[in-house]
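Okay, structure first, notes after.
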Amino acid sequence: MEEIKKILDEAEEDMKKAVNATQREFTSLRTGIASVALLDNIYVECYGSTSPLNQIASVTAPEPRLLVVQPWDRSLIGNVEKAILKSDLGLNPANDGTFIRIPIPRLTEERRKELSKLVAKLTEEGRVSIRRNRGEANKKIKALEKDKVISEDQWRGGQDDVQKLTDKYIQILDEMAKEKTEEIMNV
């Protein structure tokens with residue numbers, strides 16, 4: 001039984017990673033409300049390499065529809081502006097030499113529907129990853145039963161436990177997707 005517990009723990013850890021990866025993807029989706037997480041995937045060319053924006057500047061959301069970026073080194077302000085413009089977020093930064101102000105425009109109905117579809121796609125990718133973890137765990141448990149390390153009853157119980165974990169993490173994903181879709185569709 002200790003072997004099964006170890007397999008279950010590994011599967012649960014992998015399922016948590018799948019949920020966390022989906023959550024990170026969700027945070028980069030623009031919902032029409034300013035969020036500092038919106039700029040998490042932006043990398044800026046500086047000092048001969050690329051760095052994440054949040055490591056070279058402070059990012060704040062002083063208003064619901066405004067982000068403010070202040071690079072710690074003012075000589076990088078042009079590079080930060082270019083990186084934001086090159087991102088696929090569709091944002092128009094305004095550089096005043098000290099700060100970069102980024103107004104967050106309202107989403108059109110069409111864009112909201114596109115984002116909702118993207119949420120559904122990202123959620124399905126998360127589900128696929130969780131199901132892949134389930135398959136791997138079930139293979140490991142079956143191998144234990146085949147090698148006579150565990151009994152057939154223990155194998156069946158182990159598979160049931162893996163399915164319960166799978167159901168739990170898929171439900172978490174579905175709840176996250178529902179919340180994100182509501183946030184996007186809320187005008």
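State yes or no: is R131 of a type outside the set (A, V, I, L, M) and assigned to a loop (DSSP other than H, G, I, E, B)? No: the conditions fail for R131.
Q70 meets the conditions (1) touching a residue at least 12 places away in the same chain (Cβ under 8 Å); (2) under 19 Å from A34 (Cα atoms); (3) within 24 Å of the chain's Cα centre (by Cα); (4) surrounded by 13 or more Cβ atoms within 10 Å (Cβ to Cβ) in every case but one. The failed one is (3). Residues in region 13-59 that are over 28 Å from Y169 (Cβ atoms), without any contact (Cβ under 8 Å) to a residue 24 or more places away in the chain and either of a type in the set (S, T, Y) or assigned to a loop (DSSP other than H, G, I, E, B) (or both): 6 in all.
Between S51, S35, S75, which is at pLDDT below 85 and of a type in the set (S, T, Y)? Going through S51, S35, S75 in turn, the sole match is S35.
Taken over region 12-44, the residue count meeting the criterion of being of a type in the set (A, V, I, L, M) and either farther than 29 Å from N133 by Cβ or buried (at least 20 other Cβ atoms within 10 Å of the Cβ) (or both) is 9. Scanning region 146-159 for residues being assigned to a helix (DSSP H, G or I) and over 15 Å from E2 (Cβ atoms) gives a total of 5.
Is it the case that some residue within region 96-117 is of a type in the set (G, A, S), more than 25 Å from S28 (Cα to Cα) and not assigned by TED's automatic domain parsing to the domain that holds I77? Spell out how you get there, then give the answer.
If we filter region 96-117 for residues that are of a type in the set (G, A, S), which is where we start, we get 97, 116.
With the extra rule that they be more than 25 Å from S28 (Cα to Cα), the set shrinks to 97.
From what's left, not assigned by TED's automatic domain parsing to the domain that holds I77: none.
Checking region 96-117: not a single residue is of a type in the set (G, A, S), more than 25 Å from S28 (Cα to Cα) and not assigned by TED's automatic domain parsing to the domain that holds I77.
Taking every residue in region 158-187 that is surrounded by fewer than 17 Cβ atoms within 10 Å (Cβ to Cβ) and pairing it with any residue that is in a helix (DSSP H, G or I) and of a type outside the set (V, I, T), at least 6 positions away or on another chain, the pairs with Cβ-Cβ distances below 6 Å are M185/R112.
Checking each residue in region 77-90 for being in a loop (DSSP other than H, G, I, E, B) and free of Cβ contacts under 8 Å to residues at least 24 places away in the same chain picks out only D88.
Are any residues in region 33-54 of a type in the set (D, E, K, R) and in contact with a Pro (Cβ under 9 Å, 6 or more places away or on another chain), and if so, which ones?
Matches in region 33-54: D40 only.
The values are calculated or read from the model by the stated rules, or taken from the named source; none is laboratory data. Predicted, not measured: the structure shown is a model, and the values here were computed from it. Every residue, glycine as well, gets a Cβ built from its backbone with ideal geometry; the counts of neighbours run over all protein chains shown.
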